[in-house]
Amino acid sequence: MARDQLEVLHALDKAKTQWYHVTAVVIAGMGFFTDAYDLFCISLLTKLLGRIYYYDPHTGKPGTLPVQVNAAVSGVALCGTLAGQLFFGWLGDKLGRKNVYGLTLLLMVICSIASGLSFGSTAQSVMTTLCFFRFWLGFGIGGDYPLSATIMSEYANTKTRGAFIAAVFAMQGFGILAAAIVTIVVSAAFKHAFPTPKFFEDPIASTPVQADFVWRIIFMLGSIPALATFYWRMKMPETARYTALVEKRLDQAAADMSKVLRVDLPVDNKAVSTVKAEDEYTLISWKFARKHGIQLLGTTTTWFLLDVAFYSQQIFQKDIYTQVGYLKQAKQLAALEETLDLAKAQALVAMFGTVPGYWFTVALIDHLGRFTIQLMGFFMMTVFMFALAIPYESYWRGQHKNHDTGKYMGGHNHGFIALFGLTFFFANFGPNSTTFIVPAELFPARLRATCHGISAAAGKAGAIIGTFGFAYASQSRHRAELDSGYDRPGIGMQRSLIVLAFANLAGFCFTWLVPETKGKSLEDLSGENDEETTTTTTSMAQAPDANNSATNGSSAV
């Protein structure tokens with residue numbers, strides 16, 4: 001490429017927004033819609049699984065999943081996601097984005113259906129089978145992270161690249177909302193068809209036999225959006241940047257992009273791009289460490305710290321709904337009634353906190369920049385988390401304290417829930433979006449999916465710590481007030497929230513390691529324009545000007 005961009009890549013950077021850009025966002029976005037649906041619907045169903053499979057009449061309480069089983073069911077998909085991000089990120093750089101893209105979606109479809117069909121003659125065998133399929137479901141979901149982000153970044157122009165990648169990730173918000181809505185519809189339909197008494201009226205009859213179909217149907221419905229876009233994923237051409245910079249086939253890159261983006265690019269079968277061997281540095285090399293080591297450290301640490309806090313909040317919210325009075329105590333509800341109420345509460349948080357935060361990022365990221373939004377998001381999350389933590393006990397003054405659990409009950413503390421919702425808003429209008437976007441822009445094409453996968457896997461490591469660690473850490477410091485199944489006191493809810501606030505503050509500090517990527521070409525950001533490259537061609541010199549061909553051959557949406 002010498003120090004000038006190849007014609008095909010320069011044309012992609014300057015091309016107007018076209019219908020295919022929108023199509024690519026929808027195709028990639030539906031993968032993330034499915035990802036979020038599958039990952040977050042489990043939090044709505046663990047209470048129902050406990051009632052169905054682990055009811056013990058001697059306790060006088062509704063059944064609950066044992067601590068270890070709950071941790072496995074809730075977290076095994078995250079473990080699979082971490083592994084999938086590393087594996088498919090590496091594979092996407094080795095075999096190409098398109099060749100691997102359909103495989104991840106197919107794996108998600110199969111495992112969504114298989115999760116709903118989890119079989120076994122005992123509770124333990126059903127949960128073991130469910131965990132097995134949810135691990136592989138997570139493995140497929142993991143592959144969607146680096147591939148979707150990389151594909152969208154390599155298709156997009158410099159002017160709107162941030163908005164396009166953010167729009168793909170923003171489909172997560174709709175996936176979370178869809179999980180809540182589907183749960184509401186399915187549980188309400190079964191509740192209406194099979195009326196049951198409340199637990200305190202008849203403990204056994206409060207969980208109808210048909211409830212076992214509810215969680216299975218909800219899991220299997222997650223396969224529909226992924227299956228609907230499978231054909232279109234298979235029709236997508238390989239990205240021009242992978243074809244030109246990794247496979248060294250400029251003619252094929254130009255031909256592919258001319259077909260889908262309506263850009264009149266020069267197609268020359270004899271065009272060849274060669275990069276000197278010493279410039280083809282690998283991930284494990286001093287040259288990579290010198291050029292991109294600090295950047296990779298920044299993308300991994302910020303994503304890790306964000307997910308420690310973000311997934312801890314996901315675990316925390318079920319307790320919050322009950323504590324602020326939005327959910328009744330389990331004894332006062334039938335099984336499907338409890339599932340329905342929990343889904344309604346999550347739908348409200350998604351509609352007014354989660355979804356708006358994502359789309360604020362889409363609207364403003366190419367104006368404010370990634371760095372500003374991430375810095376602001378971490379700062380506001382820190383502020384609101386301290387606002388929740390420091391006066392934590394004072395929020396519950398005047399409310400009844402349950403001496404069995406040590407938790408305050410019986411009030412509607414709207415101020416607390418508002419602050420809690422704002423932390424979600426600024427997570428999504430902040431680092432939860434930008435940590436996904438930036439790794440898809442910073443690194444060379446031959447290592448882009450791998451580095452994004454490493455960054456995403458660091459995030460999922462934080463999610464695993466947040467999911468498992470917060471559940472234990474937030475336990476009361478008094479042994480008599482521990483939740484059922486916990487045998488060791490924690491540091492308490494207030495101190496746990498303070499730890500999360502400091503995690504957000506650390507994310508704010510590590511953000512300074514990540515450069516701004518707004519408005520710059522991927523090759524300038526990755527340093528590929530600085531690599532000494534020779535290009536041999538017989539007709540490129542007579543090629544039309546890229547700016548004119550990109551402008552004249554494109555049609556704005």
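The values are calculated or read from the model by the stated rules, or taken from the named source; none is laboratory data. Model, not experiment: these values are computed from the prediction. FYI the Cβ positions are ideal-geometry reconstructions off the backbone, even for glycines, and counts take in every protein chain you see. Calculation scope for accessible area: heavy atoms of the full protein, side chains included, ligands and nucleic acids excluded. Shrake-Rupley method; radii C 1.70, N 1.55, O 1.52, S 1.80 Å.
Restricting attention to the range 241-258, the residues that are crowded, with 19+ Cβ neighbours inside 10 Å, charged (D, E, K, R) and over 14 Å from G92 (Cβ atoms) add up to 3.
Among the candidates E238, E280, the residue that is within 24 Å of E154 (Cβ to Cβ), modelled with pLDDT under 90 and surrounded by fewer than 19 Cβ atoms within 10 Å (Cβ to Cβ) is uniquely E280.
Out of A180, A188, which single residue is of a type in the set (G, A, S), more than 28 Å from T122 (Cβ to Cβ) and surrounded by fewer than 22 Cβ atoms within 10 Å (Cβ to Cβ)? Reasoning before the result, please.
Working: A180 fails: surrounded by fewer than 22 Cβ atoms within 10 Å (Cβ to Cβ).
Result: A188 is the single residue among A180, A188 that is of a type in the set (G, A, S), more than 28 Å from T122 (Cβ to Cβ) and surrounded by fewer than 22 Cβ atoms within 10 Å (Cβ to Cβ).
Taking the conditions (1) modelled with pLDDT under 95; (2) assigned to a helix (DSSP H, G or I); (3) surrounded by 24 or more Cβ atoms within 10 Å (Cβ to Cβ) in turn, F174 satisfies each one other than (3).
Only a single criterion out of (1) in contact with a helix residue (DSSP H, G or I) (Cβ under 7 Å, 6 or more places away or on another chain); (2) under 30 Å from L261 (Cα atoms) is not satisfied by L78, namely (2).
Scan the range 117-131 for residues that are in contact (Cβ under 8 Å) with a residue 60 or more places away in the chain, surrounded by fewer than 19 Cβ atoms within 10 Å (Cβ to Cβ) and part of a helix (DSSP H, G or I) and jot them down.
Matches in the range 117-131: A123, V126.
Could you say whether any residue in the range 364-376 is among the small types (G, A, S) and either at pLDDT 90 or above or open to solvent by 30 Å² or more (accessible area, probe 1.4 Å) (or both)? Yes, because at least one residue in the range 364-376 is among the small types (G, A, S) and either at pLDDT 90 or above or open to solvent by 30 Å² or more (accessible area, probe 1.4 Å) (or both).
Just checking, which of K14, K61 is more than 30 Å from L333 (Cβ to Cβ) and surrounded by fewer than 23 Cβ atoms within 10 Å (Cβ to Cβ)? Please lay out each step first, then the result.
Values: K61 fails: more than 30 Å from L333 (Cβ to Cβ).
Being more than 30 Å from L333 (Cβ to Cβ) and surrounded by fewer than 23 Cβ atoms within 10 Å (Cβ to Cβ) holds for just one of K14, K61, which is K14.
There is at least one residue in the range 385-399 that is closer than 30 Å to V438 by Cα, surrounded by fewer than 20 Cβ atoms within 10 Å (Cβ to Cβ) and either at pLDDT 80 or above or aromatic (F, W, Y) (or both). Among the candidates T46, T23, the residue that is open to solvent by less than 20 Å² (accessible area, probe 1.4 Å), in a helix (DSSP H, G or I) and among the polar types (S, T, N, Q) is uniquely T46.
Yes/no per residue for (1) in a helix (DSSP H, G or I); (2) open to solvent by 10 Å² or more (accessible area, probe 1.4 Å):
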| residue | (1), (2) |
| --- | --- |
| G421 | yes, yes |
| A427 | yes, no |
| E441 | yes, no |
| A449 | yes, no |
| A457 | yes, no |
| I465 | yes, yes |
| F468 | yes, yes |
| R488 | no, yes |
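Given the condition open to solvent by 20 Å² or more (accessible area, probe 1.4 Å), small (G, A, S) and not in a helix (DSSP H, G or I), answer yes or no: does some residue in the range 65-86 qualify? No, that holds for no residue. All told, P203 meets the bar of being in a loop (DSSP other than H, G, I, E, B) and of a type outside the set (K, R).
If the condition is being touching a residue at least 60 places away in the same chain (Cβ under 8 Å) and in a helix (DSSP H, G or I), then the range 49-58 contributes L49, R51, I52, Y53. For first residues located in the range 200-228 and closer than 15 Å to L130 by Cβ, partners that are of a type outside the set (S, T, N, Q) and open to solvent by 60 Å² or more (accessible area, probe 1.4 Å) and lie 6+ apart or on another chain with Cβ distances below 9 Å form the pairs R216/L117; F219/I113; F219/L117; M220/I113; M220/L117; G222/I113.
On the given criteria, is A330 at pLDDT 90 or above and over 29 Å from A440 (Cα atoms)? Before you say what the answer is, go through the steps one by one.
On the way: at pLDDT 90 or above: no; over 29 Å from A440 (Cα atoms): yes.
In short, no.
With respect to the conditions (1) modelled with pLDDT under 95; (2) assigned to a helix (DSSP H, G or I), T405 falls short on a single one, namely (2). For the range 490-523, a tally of residues being farther than 15 Å from F310 by Cβ and either in a loop (DSSP other than H, G, I, E, B) or in contact with a Pro (Cβ under 7 Å, 6 or more places away or on another chain) (or both) returns 11. Residues that are assigned to a helix (DSSP H, G or I) and open to solvent by less than 10 Å² (accessible area, probe 1.4 Å) within the range 152-166 comprise M152, S153, E154, Y155, R161, G162, I165, A166, listed in sequence order.
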